[in-house]
Amino acid sequence: MLYLPMFKETLLKAVEAGAKVIQQYFHTQFSISHKAGINNLVTEADHASEKAIFEVILNKFPDHSLLSEEKGAIESNSNYKWIIDPLDGTVNFAHGIPICCVSIGLEIDGKVEMGAVFNPFINEMFYAEKGNGAFLNGLKIGVSQQQEILKSCLATGFPYVYPKEEKGPADTFSSLVKKGIPVRRLGSAAIDLCWVAAGRFDGYYEYSLHPWDSAAGALIVKEAGGKISNFNGSDYNIYENGLLSSNGLIHNELLKVVNEYEI
Ligand code: LIP
């Protein structure tokens, strides 16, 4: 791809610009409003981060499409779409919990080709481009080698509007914790995915996410040697529900849990 270095430079500048803004707002007084659901918050920082990110991207690529959590879709007839979560982990941020990040994926001709996730509070920049591996602060990363789900450390998240189906997120969570498996709930899908890529979690699943939550992190997991699918085990689509990511070694066991609620 001829223009990759230009895209990478803009991608990293954009996540850094957003991250600088959320750091400036952290520990200050900022307004918080509510979206659909009980705790689906959005803060001044989300909007200010998004504005800073847009400025970087549109300054360089004014004709590209954007899909961002707060502004939604800004379509053009471009083959390039920047998929942006200006502040992933908003509830954490609003409560002064520094487990949050900026996540941006670049989709070219319908496929995410590169992505970056930056948590400025612990200075962790995750980056990947398709076919070239995944990196944390410039150092190559890889998924864990844990082969047994009973010995794994997992992560999940929960929707703001709980699904009406009889069995769902709480049942899967319950079946895992009843077996003594540690299941963390960090509150940021993008960080959850990057921590699978870095080998910290052996797997992460979530029932319903938005494209901006997972566009960058899904690629980072794959480039770190991990596996990502939907709950049927087929290719994950960022525009559909059901994300299951792992080191690949426990993937089938985790699929069984989310589908049959038993290990
Ligand atoms: C959050 C995700 C998290 C999920 C939350 C929420 P937000 O995104 O990162 O994994 O469990 O329900 O969707 O709202 O902080 O951008």
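For the stretch 210-248, give me each residue that is surrounded by fewer than 24 Cβ atoms within 10 Å (Cβ to Cβ) and under 16 Å from Asp85 (Cβ atoms).
His210, Pro211, Trp212, Ile238, Tyr239
From (1) over 13 Å from the mean Cα position of the chain (by Cα); (2) of a type outside the set (Asp, Glu); (3) buried (at least 17 other Cβ atoms within 10 Å of the Cβ), pick out the condition that doesn't hold for Lys256.
Just one mismatch for Lys256, condition (3).
If you check Asp88, Asp63, which single one turns out to be in contact with a helix residue (DSSP H, G or I) (Cβ under 6 Å, 6 or more places away or on another chain) and of a type outside the set (S, T, N, Q)?
Matching residue, one of Asp88, Asp63: Asp88.
Tell me, which strands (runs of 3 or more DSSP E) wholly within the stretch 2-107 include 2 or more residues that are modelled with pLDDT under 95 and either of a type in the set (Gly, Ala, Ser) or within 25 Å of Leu136 (Cα to Cα) (or both)?
Here the list reads 72-74.
Which is closer than 23 Å to Asn92 by Cα, surrounded by 22 or more Cβ atoms within 10 Å (Cβ to Cβ) and touching a residue at least 40 places away in the same chain (Cβ under 8 Å), of Leu176, Leu136, Leu193, Leu186?
Answer to the selection: Leu193.
Going by what's in this entry, would Ala116 be described as within 16 Å of the ligand (Cβ to nearest atom), assigned to a strand (DSSP E or B) and either among the β-branched types (Val, Ile, Thr) or touching a residue at least 24 places away in the same chain (Cβ under 8 Å) (or both)?
yes
Within 15 Å of the ligand (Cβ to nearest atom), without any contact (Cβ under 8 Å) to a residue 40 or more places away in the chain and not aliphatic (A, V, I, L, M), is that true of Gly242?
The answer is yes for Gly242.
Considering only the stretch 116-131, I want to know if a residue exists there that is on the phi > 0 side of the Ramachandran plot and surrounded by fewer than 24 Cβ atoms within 10 Å (Cβ to Cβ).
yes
Need pairs with beta-carbon distance below 7 Å; first residue acidic (Asp, Glu) and within the stretch 80-109, second within 11 Å of the ligand (Cβ to nearest atom) and assigned to a loop (DSSP other than H, G, I, E, B); sequence gap 6+ or separate chains.
What qualifies is Asp85/Glu69; Asp88/Cys100; Asp88/Ser188.
What are the pairs, 6+ residues apart or on separate chains, where a residue within the stretch 4-24 that is hydroxyl-bearing (Ser, Thr, Tyr) has its Cβ under 9 Å from a residue that is in a helix (DSSP H, G or I)?
Thr10/Val56; Thr10/Ile57; Thr10/Asn59; Thr10/Lys60
The values are calculated or read from the model by the stated rules, or taken from the named source; none is laboratory data. As the structure is a prediction and not an experimental result, all values here were calculated from the model. All Cβ positions, even for glycine, are placed from backbone atoms using ideal geometry, and neighbour counts span all protein chains on display.
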